[in-house]
1. Name the pairs whose Cβ atoms lie under 8 Å apart, with the first residue in segment 276-298 and among the hydroxyl-bearing types (Ser, Thr, Tyr), the second at pLDDT below 95 and not in a strand (DSSP E or B), and 6 or more positions between them or separate chains?
2. Can you tell which of Thr215, Thr210, Thr228 is part of a loop (DSSP other than H, G, I, E, B) and either under 16 Å from Ile71 (Cα atoms) or among the β-branched types (Val, Ile, Thr) (or both)?
3. Going residue by residue through segment 312-325, is there one that turns out to be of a type in the set (S, T, N, Q) and modelled with pLDDT of 90 or more?
4. Within segment 179-192, is even one residue touching a residue at least 40 places away in the same chain (Cβ under 8 Å) and closer than 30 Å to Pro266 by Cβ?
5. Look at Pro290 and say whether it is closer than 30 Å to Pro42 by Cα and either touching a strand residue (DSSP E or B) at 6+ places or on another chain (Cβ under 8 Å) or among the hydrophobic types (A, V, I, L, M, F, W, C) (or both).
6. Quick one: which residue in Ile194, Ile175, Ile185, Ile220 is out of contact with any Phe, Trp or Tyr (no Cβ under 6 Å at 6 or more places or on another chain), modelled with pLDDT of 95 or more and not in a helix (DSSP H, G or I)?
7. Here is a list of conditions, (1) in a loop (DSSP other than H, G, I, E, B); (2) in contact with a helix residue (DSSP H, G or I) (Cβ under 8 Å, 6 or more places away or on another chain), and Ile352 meets all of them except one; can you say which number that is?
Amino acid sequence: MKNKKKLYVIIIVFIIIIGLAIYFIKNTGTKSYSYKLYKIKPITIQKSVLTTGTINPVHTINVGAQVSGLISKLDVWYNTDVKKGQLLAEIDPTTFIEKINMDKANLLSAEANVQKQIALLNYDKLTYIRNKKLWAENLISHSTEQNAESVYLQDIAQLKYLESIVKSDKSQLKIDETNLSYCKIYSPVNGIVINVAVAVGQTVASSFQTPTLFTIGENISKMEIDTTTNEADLGGIKKGDKASFTVYAYPDKTFYGLVHNVRINPTTVSGVVSYNVTIFFDNKNHLLLPGMTALPKIYIEKKENAIAVPNAALRFVPANENKYIINKITNELKTGEGVIWILQKNKPVPVIVKLGINNNSYTEIISDKIKIGSEVITGLNSSNNAQNKQPQGPGRKMFF
């Protein structure tokens, strides 16, 4: 009986030992992974820059009042199409008309004084000539002759003074007539009224600066996007680059334009430097309105038949790869280089490659070891155990 018990115990222990051995063999053996592979083929890579901006007319004109007064009439309103020289508004001209009437009366008075002085001058001139002859004949005293000359010379000076008053009154009349003409405010360009900042009955004052009454967008059939482009994205953008953009009002519609200018005046906000890149586009159907937010994409570089890999391939590192190997690869990387992994005998092998043009999906690679038809690893298949989650490695070391 005791021998049977010992036999049972030995059998149980033996079974446990075998089970533990099988367990440890399974968990300490080499794990097998299934990889996602990408077969390299020539593709076209279009590099672009994403930015934001505001839609504006190419030329926006602020129309103001050059004189102060009460707005008595408005002839246009928001969205009114206007022609150059079209009447926009009127300022009450009563005060200016009265001032012109006063100027005319002052001018008439000044001209009358000139005529009166001319008559006096002519009379005193004859007196002076007569007294000069009489003094020469010793018929009057020298003082009488000198007094007549003095009166004559004073008349000449007085006439010049009165003539200057006439000129001044004429100038003042012209100024006031011009100010009267300013009571009618005309459009300086063809365009559309974007903003009206005045109402009938409102008083405008132009004493210190010209008040803006109307904002007119000149020809909104051709408009521009004023973008705020980060300095890091500015490299490569040049006049003539193609651009596409969307707006919130038409999210499913794409519009197109061209880069017109890169303005060199920087804007710094919270230490971030940005520049205004203007994009011109046609707006013949007037779908897009001033002030709309645009989301442009500027296409700055394009390469056809490029040997490229998905960006995921440059981020991939085999699971449980030796840290020493990863560090060695990282130290060997130079600026403008990256690492991709290929399968050799079912094992991932790293290849350092030079990097070229890239976009959000693909990056061009240059390597003697990688050619068209080569397969690179882009990740692990979802069938792999979750514990074998792909780690992050050196990926690439580059600057754009």
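The values are calculated or read from the model by the stated rules, or taken from the named source; none is laboratory data. Note that this is a predicted model, so its numbers are computed, not measured. Cβ atoms come from the backbone with ideal geometry, glycine included; neighbour counts cover every protein chain shown.
1. Every condition considered, the pairs that remain are Thr278/Arg263.
2. Working: Thr215 fails: part of a loop (DSSP other than H, G, I, E, B); Thr228 fails: part of a loop (DSSP other than H, G, I, E, B).
Going through Thr215, Thr210, Thr228 in turn, the sole match is Thr210.
3. no
4. no
5. On the way: closer than 30 Å to Pro42 by Cα: no; either touching a strand residue (DSSP E or B) at 6+ places or on another chain (Cβ under 8 Å) or among the hydrophobic types (A, V, I, L, M, F, W, C) (or both): yes.
When the stated conditions are applied, Pro290 does not pass them.
6. Within the list Ile194, Ile175, Ile185, Ile220, the selection yields Ile185.
7. For Ile352, the failing item is (1).
Residue by residue, here is whether (1) modelled with pLDDT under 95; (2) more than 30 Å from Tyr275 (Cβ to Cβ); (3) assigned to a helix (DSSP H, G or I); (4) of a type outside the set (S, T, N, Q) holds:
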{"residue": "Thr54", "(1), (2), (3), (4)": "no, no, no, no"}
{"residue": "Glu90", "(1), (2), (3), (4)": "no, yes, no, yes"}
{"residue": "Ile97", "(1), (2), (3), (4)": "no, yes, yes, yes"}
{"residue": "Met102", "(1), (2), (3), (4)": "no, yes, yes, yes"}
{"residue": "Gln115", "(1), (2), (3), (4)": "no, yes, yes, no"}
